[in-house]
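Trainee: First, the structure itself, so that you have it in front of you.
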């Protein structure tokens, strides 16, 4: 099988930022969110409204080896069900601050810090923490408001390169990642242009659709699986916007065929 066969492993999307895939014999889950529709939020923070149920439940996941958690502070990235699920997963990789908050079983990754995971049949998978900025502007301006976020790059001998963006709004961060890892075989891109009017004048907190297409171009991504674009009221751009943006950029063929077939 070619190292760059982008169809070599399926990615199952559950809605919001949650996706499941097997890589190097290990099973990974991104930002687990399995609660039903309703109002979510913490005291003193803008409320978030979930509008649709997940396309499955934790019981559908099977064995999990690693959770890739972009951050633990927002309900649309880690909800009550997702937090409970972490107790049964051997390893959660997340931000340095999140690793401290979550405790046993969690490890924080700073930018460009890597961890090697043993593969069942021998060898290792390397997971590298990569930059992500959860809003417009410089990290030092954004993190005090929306918190730390981390993305991930997965590599291994004979394996495709996989990028999981997390809640990133910065194309400059994407360029930094591309300098080290491009071309990327599979990019799981968080998109949806989420907006909260009281934050940053309503500017997107994560990539909008046109930026997601540009990120794919910068990364040289051979396959893109968009997530984080449905099931929440503050996501302002959805599937149709992503299709249109990738088509306008001449990158429609990069969108994962399975994602395009989903209703």
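The values are calculated or read from the model by the stated rules, or taken from the named source; none is laboratory data. Everything numeric in this text was worked out from a predicted model, so none of it was measured. For neighbour counting, all protein chains shown are included, and Cβ atoms are generated from backbone atoms with ideal geometry for every residue, glycine included.
Trainee: Is it the case, given these coordinates, that residue 198 is farther than 27 Å from residue 26 by Cα, touching a residue at least 60 places away in the same chain (Cβ under 8 Å), within 14 Å of the chain's Cα centre (by Cα) and not in a strand (DSSP E or B)?
Mentor: It is false that residue 198 is farther than 27 Å from residue 26 by Cα, touching a residue at least 60 places away in the same chain (Cβ under 8 Å), within 14 Å of the chain's Cα centre (by Cα) and not in a strand (DSSP E or B).
Trainee: Can you tell me which residue is nearest to the chain's Cα centre (by Cα) among those in segment 140-156 that are at pLDDT 95 or above and over 14 Å from residue 95 (Cβ atoms)?
Mentor: Ranking the qualifying residues of segment 140-156, first place goes to 153.
Trainee: Could you pull out every one of the strands (runs of 3 or more DSSP E) wholly within segment 1-46 that has 3 or more residues that are surrounded by 14 or more Cβ atoms within 10 Å (Cβ to Cβ), touching a strand residue (DSSP E or B) at 6+ places or on another chain (Cβ under 6 Å) and at pLDDT 90 or above?
Mentor: The qualifying strands (runs of 3 or more DSSP E) are 11-15, 18-23, 26-30.
Trainee: When you go through (1) closer than 27 Å to residue 235 by Cβ; (2) touching a strand residue (DSSP E or B) at 6+ places or on another chain (Cβ under 8 Å); (3) in contact (Cβ under 8 Å) with a residue 40 or more places away in the chain one by one for residue 129, which number turns out not to apply?
Mentor: With respect to (1) closer than 27 Å to residue 235 by Cβ; (2) touching a strand residue (DSSP E or B) at 6+ places or on another chain (Cβ under 8 Å); (3) in contact (Cβ under 8 Å) with a residue 40 or more places away in the chain, residue 129 is out only on (3).
Trainee: Can you pull out the residues in segment 155-167 that are without any contact (Cβ under 8 Å) to a residue 40 or more places away in the chain and under 15 Å from residue 68 (Cβ atoms)?
Mentor: Matches in segment 155-167: 155, 161.
Trainee: Then there is this: With a cut-off of at least 3 residues that are surrounded by 21 or more Cβ atoms within 10 Å (Cβ to Cβ), name the strands (runs of 3 or more DSSP E) lying wholly within segment 101-154.
Mentor: 124-131
Trainee: Determine which member of the set 193, 249, 173, 169 is over 18 Å from the mean Cα position of the chain (by Cα) and farther than 22 Å from residue 21 by Cα.
Mentor: 249
Trainee: Taking residue 245 and the conditions (1) in contact (Cβ under 8 Å) with a residue 60 or more places away in the chain; (2) buried (at least 18 other Cβ atoms within 10 Å of the Cβ), which numbered condition does it fall short on, given that it satisfies the others?
Mentor: Unmet for residue 245, out of (1) in contact (Cβ under 8 Å) with a residue 60 or more places away in the chain; (2) buried (at least 18 other Cβ atoms within 10 Å of the Cβ): (1).
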